[in-house]
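Quick one: the structure is below, and I'll ask about it shortly.
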Amino acid sequence: MEQKRRTGSIMLMGTSSHVGKSILTTALCRIFRQDGRSVVPFKAQNMALNSFVTREGLEMGRAQVAQAEAAGLRPVTDMNPVLLKPTGEAQSQVILDGRPVGTMSARDYHLHYKEQAFASVKAALGRLQRDYDTLVIEGAGSPAEVNLRDGDIVNMRVARYLQAPVLLVADIDRGGCLAALVGTLELLEPEERALVKGLVINKFRGDVSLFTPAVDFLEKKTGKPVLGIIPYIPQLGIEDEDSVSLEEKDNREGKAADIHIAVIQLPKLSNFTDFDALAAEPDVSLNYVQTAEELSQGAWDLIILPGSKSTNEDRLWLREQGIEKALRIRVDAGTPLIGICGGYQMLGEELRDPLHIESSHERVQGLGYLPMRTTFSAEKLTVQVKADCIGLPFMGQELQAKDMTGYEIHAGETVFTEPVIHPFAVLQRDGQDTADGAVRGHVSGTYIHGLFDHDGFRRDLLNALRRHRGLPVLPQQRSRRQEKEQAYDHLAAVVREHLDMTKLAAILQAGGSF
């Protein structure tokens, strides 16, 4: 008889959102992989607009993709069975096991759907238990939100279900760290508090020896050991969960650079990790702009209109904020403009939404740069693609590239009202070959996410901007894939150094097997 695999688990929860749970989960995935474990990340429910499309054409949260990469795995939706994508005030599109099942209010979801969602959570955990020996589980927000306890399917309910030991993480960089840890533990039920086996202080700056009295206080007050004080790690180069991290990504006050790129920070901006590879280039300063003044006054060499979860609403926001007018002035003056997915749709003549898929507006006028019209439909396309850039006229150059990979994720069919240059040839999309994108003058767009991750295409595009500025071109020296692997190893080394790995191993050995 085949022996059942013994699966251990460790869960990271936070005193609030954005304390570093995702990054520390990524670090542990890498550390356990380095130590020879068969490790897999898991987050029961994610709320994020920054999603990813798997090889199977299914949708999942981007943070678990980075964690999977750190663990040496191909991303699958069992790592994130429930994804909520906010669409409006207290409403989200619900993605279950990678497929959309509807748009629901927070009230309806918690009252009528959470048990079905938790059934998917348990089924996914069962499959991961069968295939892996170690689960590194990420919570969401804080487990101490008493008003959300009855609807919880991502924090303590998961920990109780698995009897998983919990590490409670606090961000000292934002202040109130001691109170947050003590208060969170105080608000937990006794059974939940017992599952918390250690505390972690994250994003520490300065002399750690000066923090010793605080550690002594925490351990005496809570009865929980402080397992580590993790230093603040700048410019990790690892993809983030959601746009709450955009302030840290903005380079305006950072490095000096030759090329300045503006990404318009739409209210429902999605898939912002499209631009991480550009931002990491040594000669690039990439900034997220939210006002007409920022767009008008910056010395931008390139403007990007990104994807959106609510394309019509964000298109109207451009007009209401005066950004459309500022954008036209910049484009008329010769600044190139690139639209990605929803941003690409906005570049057309009209956006039609007869079924009210994205908003209450049936027709919205586009920016009019490209001769095309988009009609939203109930069916969403989610598919990985392979493509070649067969010819993108850009700043006096003709950009070409082969073997580009990315994904499409949109609910809209675009038709062209006039002939147009299609710069991309999609070689694999559900077994079909097709053209993608459009270009007219120095305005272009594409449905494909992830094209800037292609090392050659990215450097050729930047060199075209350099030539236009009269600057010498730079050779391609960076591999995005290698840089990410180095970033995972660097993160793991820092966390391994500052976390008590002996105590962590004892916690993992003592609990969390099921």
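Taking the Cα centre of the chain as origin, sum charge times position over the Cβ atoms of Lys and Arg (+1) and Asp and Glu (-1), and report the length of that vector in debye to the nearest 20.
980 debye
Also, quick follow-up: With a 1.4 Å probe and every protein chain kept in, tell me what percent of the accessible surface of region 453-503 is carbon plus sulfur.
That fraction is 49 percent.
Could you do me a favour and compute the accessible area per residue for the chain, 1.4 Å probe, result in Å²?
With all protein chains present, the chain gives 42 Å² per residue.
Just to check I understand the Karplus step: with θ = phi - 60° and J = 6.51 cos²θ - 1.76 cosθ + 1.60, what whole-Hz values come out for region 299-316, glycine and proline as x?
Whole-Hz 3J(HN,Hα) from phi for region 299-316: 8, 7, 8, 8, 10, 10, 9, x, x, 9, 7, 10, 4, 4, 4, 6, 5, 5.
Sticking with this one: For the chain, what is the mean residue ellipticity at 222 nm derived from helices alone (per DSSP H run of n ≥ 4: -39500 (n - 2.57); sum divided by total residues; nearest 500 deg cm²/dmol)? Before the final figure, lay out the partial values.
Working: 16 runs with 159 residues, N = 514.
About -9000 deg cm²/dmol.
Tell me, Kirkwood radius of region 91-237 from alpha-carbon pair distances, in Å?
This gives a value of 17.5 Å.
Place a point 7 Å from the Cα of Ala505 along the Cα-to-Cβ direction; which residues of region 186-212 have their backbone N under 20 Å from it?
Inside the label zone: 197-199.
What GluC sites (Glu not before Pro) in region 370-460 are in a loop by DSSP, with at most 15 other Cβ atoms within 10 Å of the Cβ? Provide the component values of the computation, followed by the final result.
Numbers: sites: Glu379, Glu398, Glu408, Glu413; in loops: Glu379.
Answer in residue order: Glu379.
Mind pulling the per residue volume of the convex hull built on the Cα atoms of region 64-128? Å³ is fine.
Details: hull volume 5.2 nm³, N = 65.
Value for region 64-128: 80 Å³ per residue.
Right, here's the next one. If you line up the Cα atoms of region 5-101 on their principal axes, what length do they span on each, largest first, in Å?
On the principal axes, region 5-101 reaches 44, 34, 22 Å in Cα extent.
While we're here: Check Leu286: other-chain or 5+ apart residues with amide H under 5 Å from its amide H, H built from backbone geometry?
Asn251, Ile261
Could you tell me which of the pairs Lys114/Lys380; Lys43/Lys122; Lys21/Lys220; Lys114/Lys309; Lys309/Lys484 are separated by over 20 angstrom between their Cα atoms in the structure shown? Please list the in-between numbers first.
Numbers: Lys114/Lys380 23 Å; Lys43/Lys122 12 Å; Lys21/Lys220 24 Å; Lys114/Lys309 23 Å; Lys309/Lys484 27 Å.
Violating the 20 Å Cα-Cα cut-off are Lys114/Lys380; Lys21/Lys220; Lys114/Lys309; Lys309/Lys484.
Averaged over all directions, how much area does the convex hull of the C-alpha atoms of region 413-508 cover when projected, in nm²?
For region 413-508, averaging the hull's shadow over all directions gives 11.9 nm².
Just to check, using Stokes-Einstein with a Kirkwood Rh over alpha carbon pairs, what's the diffusion coefficient of region 275-428 at 25 °C and 0.890 mPa s in µm²/s? Please report the intermediate quantities before stating the final value.
Values: Rh = 16.8 Å.
Roughly 146 µm²/s, to the nearest whole number.
Taking amide H positions as placed in the peptide plane 1.01 Å from N, state which residues far from Gly307 in sequence (5 or more) or on other chains have amide H under 5 Å from it.
Close amide H contacts, sequence-distant or interchain: Ser270, Ile340, Gly342, Gly343.
In whole percent, and with a 1.4 Å probe on the protein chains, what portion of the accessible area of region 97-244 is carbon and sulfur?
It is 52 percent, rounded to a whole number.
Once Rg and Dmax of the Cα atoms in Å is worked out from the coordinates, which option in (1) 38.6, 119; (2) 23.5, 74; (3) 33.2, 127 does it equal?
Label (2) holds the value from this structure.
Ranked highest first by the average count of other Cβ atoms within 10 Å around their residues, in what order do 302-309, 22-29, 276-283, 333-340 fall?
Per-residue mean Cβ counts within 10 Å order the peptides as 22-29, 302-309, 333-340, 276-283.
Along the charge dipole of region 400-514, which of Ile507, His410, Leu451 sits closest to the positive end, that is, farthest toward it, with unit charges on the beta carbon of Lys, Arg, Asp and Glu (+1, +1, -1, -1)?
Toward the positive end, the furthest listed residue is Leu451.
Just to be sure I understand: of the beta bridges DSSP finds with both ends in the chain, what percent are antiparallel, rounded to 5?
Given both bridge residues lie in the chain, the antiparallel proportion sits at roughly 50 percent.
Quantify, in whole percent, the carbon and sulfur part of the accessible surface of region 280-432 (1.4 Å probe; protein heavy atoms only). Can you show the working numbers first?
Working: 3000 of 6450 Å².
After summing per-atom areas, the C and S share lands at 46 percent.
The values are calculated or read from the model by the stated rules, or taken from the named source; none is laboratory data. Just so it is clear, the model here is predicted, and its values are computed rather than measured. Heads up, the Cβs are rebuilt from the backbone with ideal geometry, glycines too, and the neighbour counts pull from every protein chain shown. Side chains included, ligands, DNA and RNA excluded: accessible areas come from the protein's heavy atoms. Shrake-Rupley method; radii C 1.70, N 1.55, O 1.52, S 1.80 Å.
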